[in-house]
Amino acid sequence: MVYEYYRKTGFFHCNHNVIVQNRILQDHPWVALELYNAFQQSKAVAYERARRSQSAYLYFPGQDFQAQASNLGDDPYPIGLRAMGKNIERAIQGSLEHGLLTKPLRLEDIYFRTTLKT
């Protein structure tokens, strides 16, 4: 089960990443951090709405809200490299082990510089 895996490893696999073309970031370096901030604000609004109808907030439908919070904490959908960096590094390692990547990647190599402290 996902909760057991999380408790055992501390890893929670991310579902999505946002990609911005380098040419846009070169011309407008503020874009990456502004997107991060917009998603963070959007998540806060979504969490507030979800608290009003908790079933939409649940990671697994049919689960108890308090059980989810006790397993995953108050933020079951973390974003940013502080929250997800170790998970992304684990995904990179897994991709190397399974031959999906041919060389290791560092977070600094794949995330724009303005988002490295998010």
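Just to be sure before I move on: is G99 loosely packed, with under 14 Cβ neighbours inside 10 Å and modelled with pLDDT under 95 in the structure I sent? Reasoning before the result, please.
Values: loosely packed, with under 14 Cβ neighbours inside 10 Å: yes; modelled with pLDDT under 95: yes.
Spelling it out, G99 is indeed loosely packed, with under 14 Cβ neighbours inside 10 Å and modelled with pLDDT under 95.
Scan the stretch 1-39 residue by residue and report those that are among the polar types (S, T, N, Q) and assigned to a loop (DSSP other than H, G, I, E, B). Can you show your working first?
Just the residues of the stretch 1-39 that are among the polar types (S, T, N, Q), to begin with: 9, 15, 17, 21-22, 26, 37.
Of everything in the stretch 1-39, those that are among the polar types (S, T, N, Q) and assigned to a loop (DSSP other than H, G, I, E, B) turn out to be N15, N17, Q21.
Could we say that Y111 is within 27 Å of R51 (Cβ to Cβ) and either hydroxyl-bearing (S, T, Y) or open to solvent by 50 Å² or more (accessible area, probe 1.4 Å) (or both) here?
Details: within 27 Å of R51 (Cβ to Cβ): no; either hydroxyl-bearing (S, T, Y) or open to solvent by 50 Å² or more (accessible area, probe 1.4 Å) (or both): yes.
Spelling it out, it is not the case that Y111 is within 27 Å of R51 (Cβ to Cβ) and either hydroxyl-bearing (S, T, Y) or open to solvent by 50 Å² or more (accessible area, probe 1.4 Å) (or both).
So in the stretch 89-118, with the set limited to residues that are among the polar types (S, T, N, Q) and in a loop (DSSP other than H, G, I, E, B), which one is farthest from H28 (Cα to Cα)?
Among those residues, the one meeting the criterion is T102.
Which residue pairs have Cβ atoms under 9 Å apart, sit 6 or more places apart or on different chains, and have a first residue in the stretch 66-78 that is under 12 Å from Y47 (Cβ atoms) and assigned to a loop (DSSP other than H, G, I, E, B) and a second that is open to solvent by 40 Å² or more (accessible area, probe 1.4 Å) and at pLDDT 80 or above?
Matching pairs, first to second residue: D75/A83; Y77/A46.
The values are calculated or read from the model by the stated rules, or taken from the named source; none is laboratory data. Please read all numbers here as calculations on a predicted model, not as lab measurements. So basically every Cβ, Gly included, is an ideal-geometry build from the backbone, and we count neighbours across all protein chains shown. Just the protein is used for accessible areas: all its heavy atoms, side chains included, with ligands, DNA and RNA removed. Shrake-Rupley method; radii C 1.70, N 1.55, O 1.52, S 1.80 Å.
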